[in-house]
Amino acid sequence: MTDRTRQTETRAGDLGLAEHAAALARGAISSVAAVGAALDRIDASQSTLNAFRIVRRERALDEAAEADRRLAAGERLPLLGVPIAVKDDTDMAGEPTAFGCGGSFAPKTEDAEAVRRLRAAGAVIVGKTNTCELGQLPFTSSAAFGHTRNPWSAEHTPGGSSGGSSAAVAAGLVPAALGSDGAGSIRIPASWTNLVGIKPQRGRISTWPHAEAFYGLTVNGPLARTVADAALLLDIAAGPHEGDLHTPAPISAADAVGRDPGKLRIALSLRTPFTATRTALDPEVAAAVRRIGDTLRKLGHTVTVADLHYGLLIGASFLPRSMAGIRLAHQKLPGAQVDPRTIANTRLGRLLDGPALFAARRAEPLLHKRIGTFFHDYDLVLAPTTATPPPRAEDIDGIGVHATNNLITAACPYTWPWNVLGWPSVNVPAGFTETGLPIGAQLMGTNSTEPLLISVAAQLQSELHWERERPEPWWLTH
């Protein structure tokens, strides 16, 4: 990789979410122009980057024209006329939800609650981004669509399962996108594509038409280049549906950007949660996380090396919920064409969908109490987001269940415990390997601490300016 940054040159796709909204509001650009340019970038990259499963060109341009009429009439909404994307596990009226699977699926008749809120804020959704089958992998690949590539290196995966959303944002196809996170599926691709990815508190963004997703493991959340844009998208998408099982008290994420969090006690923990297969932290990732710790010390925080001990019970709580969730998601897609590894996981889910699942749900309050005691001494935890830089995209191809589990566990053992707990975590970019691949670190808090995590992430951005780093657009040159 040659010069990976474009710090002084402005090119199409460099405007962020808030910048798009401001430019539209003052009439500097039209929605038709902004949405059309986003669609053109998607079309030009689709054969190489492959970020989208569905592109809504005709409908999106119609919606953009309507946004321009509303803007001309003086109407103002937070995202009126702004192009964004959502992951293809999220329902949109008029579009199918394939969730990474092959097959033919009927268009949905209603928007998911998160999509309804985005549209109510005026956003124009240009398409639905690729995800692996039923969100199972930290890769974004499927027999149905091939491989989604990493904007920082065509040979590597952008991560998963929200890899289509992260690739689209990192490549500047859209200024921000919605993803989902059931075991790290926002934070992992954010880590591997130099983005901010927020896994909010469970229930912060509704998963309706599902009262909860994957038995409480999966939440929806934003991917963006800046903390401010991620916080803006979180605020707009957040809020309950009357059928939701989890409804945390409201917060203001945007108000936390730029707010002094005070002098915090931060635990730097490199310890890997227990896994059934061998894992090892890559030295370049470890060094990058330590550098984030050094920056936090420079900002006035007390950073102490103190390993968080996750314990065995948290793993026993994760597996039944995950596998039973895969089985349920598969049942909701009759006729889906899926990989044999997916079938194996649905069979395991059938075995665990019973007493094991019941016990897993009952264990959560105990885990809150046990891990919560660690936060008597610390305000938040700094940890790696992944154990390795992004693997090659084809590493997931043609291997069996055991080899797949070994591969994904070795790369991504750090994120899933916070899905069991339901607590928020934010990936922040932590630099690059010697070969130019992005690395991330996660800030982890307890119940509903998104504002604290966001304020610290914004402090880090003010020092590190990761938003200035842009990949060379190889996807436009092939």
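A few remarks follow.
- Any hit, the range 366-381, residues being under 23 Å from Pro138 (Cα atoms) and out of contact with any helix residue (DSSP H, G or I) (no Cβ under 6 Å at 6 or more places or on another chain): yes
- Only one entry of Pro261, Pro222 meets the criterion of being within 30 Å of Val285 (Cβ to Cβ), assigned to a strand (DSSP E or B) and not basic (Lys, Arg), and that entry is Pro222.
- Within the range 24-51, residues that are in contact (Cβ under 8 Å) with a residue 40 or more places away in the chain and closer than 13 Å to Gly127 by Cβ have Cβ atoms under 6 Å from residues that are open to solvent by less than 10 Å² (accessible area, probe 1.4 Å) and of a type in the set (Val, Ile, Thr) in these pairs: Val35/Val124; Ala38/Val126; Ala38/Val174; Leu39/Val126; Asn50/Thr148; Ala51/Thr129; Ala51/Thr148, counting only partners at least 6 apart in sequence or on another chain.
- Test result for Arg321, crowded, with 18+ Cβ neighbours inside 10 Å, farther than 22 Å from Gln459 by Cβ and without any contact (Cβ under 8 Å) to a residue 40 or more places away in the chain: no
- Condition check for Ala154: at pLDDT 95 or above, small (Gly, Ala, Ser), open to solvent by 30 Å² or more (accessible area, probe 1.4 Å) and over 30 Å from Arg361 (Cα atoms): yes
- For the range 275-302, the tally of residues that are within 22 Å of the chain's Cα centre (by Cα) and open to solvent by less than 30 Å² (accessible area, probe 1.4 Å) stands at 5.
- Some residue of the range 449-471 being part of a loop (DSSP other than H, G, I, E, B), within 22 Å of Arg271 (Cβ to Cβ) and open to solvent by less than 10 Å² (accessible area, probe 1.4 Å): no
- Val305 passes every criterion in (1) over 30 Å from Leu464 (Cβ atoms); (2) among the aliphatic types (A, V, I, L, M); (3) loosely packed, with under 15 Cβ neighbours inside 10 Å apart from (1).
- The residue that is farthest from Arg297 (Cα to Cα), counting only those in the range 384-406 that are open to solvent by less than 40 Å² (accessible area, probe 1.4 Å) and touching an Asp or Glu at 6+ places or on another chain (Cβ under 8 Å), is Ala393.
- Residue list for the range 434-448, filter: under 20 Å from Arg225 (Cβ atoms) and either in a helix (DSSP H, G or I) or open to solvent by less than 10 Å² (accessible area, probe 1.4 Å) (or both): Gly436, Pro438, Ile439, Gly440, Ala441, Gln442, Leu443
- Any hit, the range 122-132, residues being open to solvent by less than 30 Å² (accessible area, probe 1.4 Å), closer than 27 Å to Ile408 by Cα and either part of a helix (DSSP H, G or I) or in contact with a Pro (Cβ under 6 Å, 6 or more places away or on another chain) (or both): no
- Top-ranked residue in the range 60-107 [being charged (D, E, K, R) and not in a loop (DSSP other than H, G, I, E, B); ranked as least open to solvent (accessible area, probe 1.4 Å)]: Lys87
- Subset tally (residues that are buried (at least 19 other Cβ atoms within 10 Å of the Cβ) and either among the basic types (Lys, Arg) or in contact with a strand residue (DSSP E or B) (Cβ under 9 Å, 6 or more places away or on another chain) (or both)) for the range 237-259: 3
- Within the span defined as the range 208-218, every residue fails to be part of a loop (DSSP other than H, G, I, E, B), within 20 Å of Ile408 (Cβ to Cβ) and open to solvent by 10 Å² or more (accessible area, probe 1.4 Å).
- Output for the range 404-430, where each listed residue is part of a helix (DSSP H, G or I) and under 13 Å from the mean Cα position of the chain (by Cα): Asn419
- Residues satisfying the stated conditions in the range 26-57, i.e. assigned to a helix (DSSP H, G or I) and either open to solvent by 40 Å² or more (accessible area, probe 1.4 Å) or more than 22 Å from Leu233 (Cα to Cα) (or both): Val32, Ala33, Asp40, Asp43, Ala44, Ser45, Arg57
- For the range 260-274, a residue qualifies if it is buried (at least 16 other Cβ atoms within 10 Å of the Cβ) and either closer than 18 Å to Glu450 by Cα or in contact (Cβ under 8 Å) with a residue 60 or more places away in the chain (or both), and the qualifying residues are Pro261, Leu264, Ile266, Ala267, Leu268, Ser269, Leu270, Thr272, Pro273.
- Taken over the range 349-383, the criterion of being closer than 29 Å to Val305 by Cβ, surrounded by fewer than 19 Cβ atoms within 10 Å (Cβ to Cβ) and of a type in the set (Phe, Trp, Tyr) is satisfied by Phe374 alone.
The values are calculated or read from the model by the stated rules, or taken from the named source; none is laboratory data. If you're wondering where the values come from, they're calculated on a predicted model, not measured in any experiment. Note that we place each Cβ from the backbone using ideal geometry, even for glycine, and neighbour counts take in every protein chain shown. For the accessible areas, the whole protein counts, side chains as well, though only heavy atoms, and no ligand, DNA or RNA atoms are used. Shrake-Rupley method; radii C 1.70, N 1.55, O 1.52, S 1.80 Å.
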